Amino acid sequence: MEQQYRQVPPMTPENYGKRIWHLWGPIVIKWAVGVGASMIAMAVLSMVYMMANQEAAMTAMQSEEKMMELTDKIMNQYLGASTLIEGVAALITIPIMLWFFHTDRVKERRNGFIPNRKAPLWKYGAGLLMALAMSLGLNNLIIIGNLSDMSEAYQATMEAFYSSPLAVQVVVLAVLVPVSEELVFRGLLFKRLRERATYMQAALYSAIVFGLMHVNFVQMLYGFILGMMLTYLYEKYGSVKAPIAAHMAMNLLSILATEFNLLDWLMEGRLRIGIVTVACAFVASTMFVLVQRIEEKPVVPGTSEEKDNPVQHCRVDSE
């Protein structure tokens, strides 16, 4: 799906350090915000717990076994609050990434870069259905292959995130986290790679990084595959709104499926989960064909197409 017609602005020579920071800076900032939020949360939870249980805290100081018990209790509280902590980190990260994103679009405009066309909103349905079908189908394959049972880290992460109240899960996991991650990995990393590389090179690099950031093997694999799909949506729809909407829909589906025991229902019979997985593959492939038909080619100034679309060439992806 390479686009030879894509106009790339002339690049100002930069030293190696600046190029590395240009690509990895947003990821480093996101990671630092996450670590900082986690450390502050742990410190606050530890202080609150020990103040509320001073006698137990004093006893723990005198015994290594008691100290381990105290640490486990504080850690359990931390895990119970992990969704909220993730939400706070995302809330801090989003405005920073929006500023970087806006700065990049200003530079593109100044350099005369012609972005891909933005697809109309009515075409977003195909992308959303493809994302939902892929998400559910991949989850089913993880269950069928017993991959989740092979990763204790994956199970612990899922239990921690989905133990929060439903409203908290929806706000954090289905809104804040998708916006934060899409701005970092698609809006900045992929888009910046795309300035100097082919679509496939940029997509693979950003999807691999996105997968690795999820730490455990199951989420790495899941993140890589869906990361490739999300970069494709960005490329075809010409706006970061497309992967954000798809990411939100997938996370919301995961939340509701867990809340209403959809996966348990599917696991009751191999035939049932097999049929649903095949149906997901059919829907995803059908929607992919529809998305592929979206014309993302930019309108190049001075061509006959520009005369038919006199405003199009002035549009810059500021979404």
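At-a-glance table
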{"item": "Prolate/oblate/rounded call for segment 70-214, Cα gyration tensor, a/c under 1.5 rounded", "result": "prolate"}
{"item": "Peptide ranges 231-237, 87-93 listed from the most packed, as the mean C-beta count within 10 angstrom indicates", "result": "231-237, 87-93"}
{"item": "Given K73/K241; K30/K118; K30/K297, the pairs whose alpha carbons are separated by over 30 Å", "result": "K73/K241; K30/K297"}
{"item": "Cleavage-rule hits (trypsin sites (Lys or Arg not before Pro)) in segment 180-228: DSSP loop, at most 15 neighbouring Cβ within 10 angstrom", "result": "R196"}
{"item": "Karplus-derived HN-Hα couplings along segment 212-218 (A = 6.51, B = -1.76, C = 1.60, θ = phi - 60°), whole Hz, x at Gly and Pro", "result": "5, 5, 8, 6, 7, 4, 4"}
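Read-outs: derived from the displayed coordinates by stated rules, not from any lab. Keep in mind it's a predicted model, so treat the numbers as computed, not measured. Virtual Cβ from ideal backbone geometry, glycine too; neighbours counted across all protein chains shown.
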